[in-house]
Amino acid sequence: MLIRMLLFFLLFLAALPLFMVVTGQAQLGRDFRRADRSSAGIAPLAENTPEAVVQVYAARALNWRGIFGVHCWIATKPQDAVEYNIHHVIGWRLYRNLPVVVSAPGIPDGRWFGNEPIVVGELRGDAAHKAIPKILEAVASYPYPNEYNLWPGPNSNTFVAYVGRHVPELRMDLPPTAIGKDYPINGSIFDRAPSGTGFQISMLGVLGVTLAREEGIELNLLGLNFGIDFYKPALKLPFVGRIGVGEH
């Protein structure tokens, strides 16, 4: 009986990547040089929005990487600013001997090489105004500015999770497909959850458990996340992501 259940689980797990490709949720064969990077029309226009804005985004990664996970980034617009700054980690910069952390003006809700972004955390007005200096401080103190590993980390999702832990006001609930979000900082086994609303135990980012109000219960097996969100009822699965309220 136990063997049958294990075989069923493995077959189910193996079917999820195929499901992502067949349904078009993870599209293959895109040329990064021609892929759409335009605005998805989610963020408020900076020139029409005097209040401060902070938004955390996630979008499927490019080509085959998108089967497994998402790329996350943070957009900030200080009060009365007429443009956004984008904060994220870009792994290919290592090939040019550049720091992987990028903080620069840009399109806050730009499609990630053709993949639609979703908002996984947001602050407006006074809350955003107070949070932006903390975000910039966390960006500057990220301990892996010259390191990048697709799996298990540190990567772009490790960076955003690090900022989330230092700015719990964001209460970001990173998708279960944000592989790398559970990578431990400086080898720490015990830390805050990325949302800052609970705690997690992580062994090198490949085995661990998270218990938090925003994330619910998450189990990390080899970087794949399984979980249940009780606050906003949903099932969390690797490859597919969140199934339920506030799907992402």
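I need a count of the residues in the range 189-248 that are polar (S, T, N, Q) and without any contact (Cβ under 8 Å) to a residue 24 or more places away in the chain. Break it down stepwise before answering.
As a first pass, look at the range 189-248 and keep what is polar (S, T, N, Q): 195, 197, 200, 202, 210, 220, 225.
Subset that is without any contact (Cβ under 8 Å) to a residue 24 or more places away in the chain: 200, 202.
Residues that pass the stated criteria total 2.
Collect the residues in the range 116-135 that are surrounded by fewer than 18 Cβ atoms within 10 Å (Cβ to Cβ) and among the small types (Gly, Ala, Ser), keeping them in residue-number order.
Listed by number, the residues that qualify are Gly125, Ala127.
Restricting attention to the range 59-80, and to residues there that are touching a residue at least 60 places away in the same chain (Cβ under 8 Å) and part of a helix (DSSP H, G or I), which single residue is surrounded by the fewest Cβ atoms within 10 Å (Cβ to Cβ)?
Once the filter is applied, the top-ranked residue is Arg65.
(1) touching a strand residue (DSSP E or B) at 6+ places or on another chain (Cβ under 7 Å); (2) under 28 Å from Ile243 (Cβ atoms); (3) not hydrophobic (A, V, I, L, M, F, W, C): which one isn't true of Tyr148, the others all being true?
(2)
For the subset of the range 151-162 comprising residues that are in contact with a strand residue (DSSP E or B) (Cβ under 6 Å, 6 or more places away or on another chain) and closer than 19 Å to Glu214 by Cα, which member is surrounded by the fewest Cβ atoms within 10 Å (Cβ to Cβ)?
Taking the range 151-162 and keeping what is in contact with a strand residue (DSSP E or B) (Cβ under 6 Å, 6 or more places away or on another chain), we get 156-157, 159-160.
Next cut, closer than 19 Å to Glu214 by Cα only: 157, 159-160.
Values: Asn157: 28, Phe159: 30, Val160: 31.
The extreme case among them is Asn157.
Quickly run through the range 137-182 and pick out the residues that are part of a loop (DSSP other than H, G, I, E, B) and among the basic types (Lys, Arg). Break it down stepwise before answering.
Within the range 137-182, the subset part of a loop (DSSP other than H, G, I, E, B) is 142-155, 167, 171-182.
Of everything in the range 137-182, those that are part of a loop (DSSP other than H, G, I, E, B) and among the basic types (Lys, Arg) turn out to be Arg171, Lys181.
Residues that are over 17 Å from Ala58 (Cα atoms), aliphatic (A, V, I, L, M) and assigned to a helix (DSSP H, G or I): does the range 185-198 have at least one? Don't jump to the end; show me each part of the working.
Step one: of the range 185-198, the residues over 17 Å from Ala58 (Cα atoms) are 185-193, 196-198.
Still in the list and also aliphatic (A, V, I, L, M): 185, 189, 193.
Retained after the next criterion (residues that are assigned to a helix (DSSP H, G or I)): 185.
Checked against the condition, which is being over 17 Å from Ala58 (Cα atoms), aliphatic (A, V, I, L, M) and assigned to a helix (DSSP H, G or I), the range 185-198 yields at least one hit.
Each reported figure results from applying straightforward, stated rules to the coordinates on display, with no laboratory input. The model shown is predicted, which means the values in this text are computed figures rather than measured ones. Please note: Cβ atoms are built from the backbone with ideal geometry, for glycine as well, and neighbour counts cover all protein chains shown.
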